[in-house]
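For reference, the structure is listed below as structure tokens.
The values are calculated or read from the model by the stated rules, or taken from the named source; none is laboratory data. Keep in mind the model is a prediction, meaning the values are calculated, not measured. Because the Cβ atoms are built from the backbone with ideal geometry, glycine has one as well, and the counts that use them run over all protein chains shown. Just so you know, the surface numbers come from the protein's heavy atoms only, side chains and all, with ligands and any DNA or RNA stripped out. Shrake-Rupley method; radii C 1.70, N 1.55, O 1.52, S 1.80 Å.
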Amino acid sequence: MNVAESSFLTEAFRNKRLLGVALIAAIGGFLFGYDTGVIGGAMLFMQKDLGLHSHGMQQLTVAILLLGAIAGAAVAGWLADAISRRRTKMISGTVYVIGAIACALSQNYPEILASRFVLGLSVGTASFVSPMYIGELVPKRIRGGVVSFNQLMITSGILLAYIVDWAFAPLPSNWRWMFAVAAIPGAALAIGMFFMPFSPRWLVQKGREDDARDVLRRYRQDDDEVDDEIREIKEVAGKEVSIRELIGKNLRRTMIVGVALAVFQQIVGINTVIYYAPTILKMAGQHNTGALTESLYIGLTNVVFTIVAILLLDKLGRRFFLLLGTTCLTVALVVLGVFFASPSLQSAVGWLALASLLFYIFGFAIGLGPVFWLMISEIFPLQMRGPAMAVCTMFNWGFNFLISYTFLSLTDWITKSGTFWLYAFFGVCALVFFAAKVPETKGRSLEEIQEDLGSDADQALGRDTSARPREHAAAR
Ligand code: BGC
């Protein structure tokens with residue numbers, strides 16, 4: 001992403017029509033964030049009402065959403081092509097409303113599991129198709145900014161969920177309201193998308209070039225741009241590579257970096273902090289209300305430093321933030337482990353748990369949070385970007401499931417300290433890998449990035465390199 005691309009919000013504010021589309025479409029990322037955040041507070045209360053007595057039951061209630069999301073994302077690409085991105089998102093919003101209400105009305109363990117799975121289906125579909133749809137509708141020069149915008153929507157969703165958890169906590173049936181409120185953005189997505197245009201790329205794929213031209217004209221400044229874009233869409237269409245080619249020799253190293261970033265983003269334990277923040281704060285001696293209030297600080301820190309990172313990533317580079325952020329979160333995990341290992345520390349400096357969690361979330365928000373999503377949009381050549389990003393997203397959600405499904409059991413098996421130290425160990429592994437293998441992508445051409453990675457995209461894609469202009473990573 002170059003400086004021009006980072007001005008996604010600036011451009012969107014100038015072009016109000018575009019801003020409207022981006023905001024409605026981005027509700028997908030927001031819903032993912034909301035669901036990620038809401039369960040933390042809801043869990044404190046629903047475990048009693050629904051009889052979720054064991055750690056196993058609580059974990060599965062949290063994590064089953066991810067299984068739904070993976071299943072949802074798996075069909076999302078196909079649906080988005082078959083019936084359009086727009087209709088896919090309308091369906092997803094509708095399913096979300098059903099899922100949110102079903103969660104709110106759940107009477108027992110199987111019902112809450114089924115409802116969270118349905119929510120997951122919707123969240124996976126919406127958050128997969130949102131960046132795709134926005135990316136296809138905004139002008140080329142700001143496309144890179146969409147990725148960071150999506151991360152901002154996720155973190156804002158988490159923060160809003162923490163606020164809702166906190167606000168509803170004193171009321172009767174509190175956890176039911178926490179879930180029910182989510183039906184509002186779900187409905188906004190379904191209804192809002194009804195008024196949005198089809199993506200130009202989808203229209204071209206369906207042979208409706210004139211309709212695509214009409215849509216582009218409404219969202220672009222001049223006709224040249226429109227012709228260029230139609231040409232580019234036609235050039236790329238039908239040339240996307242298969243999964244087999246993705247893991248073929250020439251692209252393998254690029255794929256390994258993308259997948260490693262996806263896996264490391266999760267195994268340093270981000271979602272144990274996001275999902276279980278109130279639970280961890282209770283483990284550290286807080287009562288329910290205090291834990292929910294303190295979770296608000298965590299959500300706020302996440303949003304604020306995501307914005308800081310987005311503003312500075314183009315000035316200081318991706319690697320700088322990746323290395324700095326991962327170092328900070330690893331230190332925070334070590335301190336958290338020490339805190340839980342020492343009863344004297346717990347009574348003398350009770351605030352240390354919250355301080356460590358805040359430092360952890362700061363490290364994640366400036367580093368792995370936005371940088372993972374940004375880098376996987378920058379390291380792959382255009383023809384393989386769609387499928388390659390899909391594979392990375394699947395790994396990311398798969399490991400998200402694994403970590404959130406095992407956190408509470410791990411604290412039983414290897415103690416709380418052992419669990420945080422294990423995540424810290426993964427943090428050290430991540431640092432070593434990033435330092436050795438992850439190239440800088442800021443302002444560099446795709447060829448330079450491929451060279452650093454030791455991959456050969458040209459060979460893999462069977463391209464003639466003799467007379468090709470240099471393809472710039474940031475200029476697509
Ligand atoms: C991750 C999510 C996480 C969120 C927290 C995202 O980049 O992919 O798993 O919940 O950041 O801010």
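Taking (1) more than 22 Å from LEU431 (Cβ to Cβ); (2) aromatic (Phe, Trp, Tyr); (3) within 13 Å of the ligand (Cβ to nearest atom) in turn, TRP373 satisfies each apart from (1).
In the stretch 382-439, how many are within 30 Å of GLU136 (Cα to Cα), more than 16 Å from the ligand (Cβ to nearest atom) and in a helix (DSSP H, G or I)? Matching residues across the stretch 382-439 total 7. LEU292 falls short on exactly one of the conditions (1) in contact with a Pro (Cβ under 9 Å, 6 or more places away or on another chain); (2) free of Cβ contacts under 8 Å to residues at least 40 places away in the same chain, and that condition is (2).
Determine, yes or no, whether ALA114 is crowded, with 20+ Cβ neighbours inside 10 Å and part of a helix (DSSP H, G or I). Before you say what the answer is, go through the steps one by one.
Working: crowded, with 20+ Cβ neighbours inside 10 Å: no; part of a helix (DSSP H, G or I): yes.
Criteria not met by ALA114.
Take ALA190 and tell me if it is open to solvent by 10 Å² or more (accessible area, probe 1.4 Å), at pLDDT 90 or above and under 20 Å from GLY37 (Cα atoms). For ALA190, the condition - open to solvent by 10 Å² or more (accessible area, probe 1.4 Å), at pLDDT 90 or above and under 20 Å from GLY37 (Cα atoms) - is not met.
Among residues of the stretch 349-370 being β-branched (Val, Ile, Thr) and buried (at least 20 other Cβ atoms within 10 Å of the Cβ), the one that is farthest from the ligand (Cβ to nearest atom) is ILE366.
Could you list all residues from the stretch 328-345 that are in a helix (DSSP H, G or I) and either on the phi > 0 side of the Ramachandran plot or open to solvent by less than 60 Å² (accessible area, probe 1.4 Å) (or both)? Can you show your working first?
Keep residues of the stretch 328-345 that are in a helix (DSSP H, G or I), which gives 328-341, 343-345.
CYS328, LEU329, THR330, ALA332, LEU333, VAL335, LEU336, GLY337, PHE339, PHE340, ALA341, LEU345, listed by residue number.
For (1) touching a helix residue (DSSP H, G or I) at 6+ places or on another chain (Cβ under 9 Å); (2) among the β-branched types (Val, Ile, Thr); (3) open to solvent by 50 Å² or more (accessible area, probe 1.4 Å); (4) on the phi < 0 side of the Ramachandran plot, each residue gets a yes or a no:
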| position | (1), (2), (3), (4) |
| --- | --- |
| GLU225 | yes, no, no, yes |
| THR254 | yes, yes, no, yes |
| GLN266 | yes, no, no, yes |
| TYR276 | yes, no, no, yes |
| THR289 | yes, yes, yes, yes |
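From the list SER377, SER445, SER466, the lone residue that is surrounded by 20 or more Cβ atoms within 10 Å (Cβ to Cβ) and at pLDDT below 90 is SER377. Listed by position, the helices (runs of 4 or more DSSP H) enclosed by the stretch 198-317 that each have at least 2 residues that are under 19 Å from the mean Cα position of the chain (by Cα) and within 15 Å of the ligand (Cβ to nearest atom) are 249-267, 270-283, 288-316.
Which one is farthest from GLU225 (Cα to Cα), of the residues in the stretch 126-160 that are of a type in the set (Gly, Ala, Ser) and away from the ligand (no atom under 11 Å from the Cβ)? Even if it seems obvious, please write down each step before you answer.
If we filter the stretch 126-160 for residues that are of a type in the set (Gly, Ala, Ser), which is where we start, we get 126-127, 130, 135, 144-145, 148, 156-157.
From what's left, away from the ligand (no atom under 11 Å from the Cβ): 126, 130, 135, 144-145.
Working: ALA126: 28, SER130: 23, GLY135: 15, GLY144: 17, GLY145: 19 Å.
Only one residue tops the list, namely ALA126.
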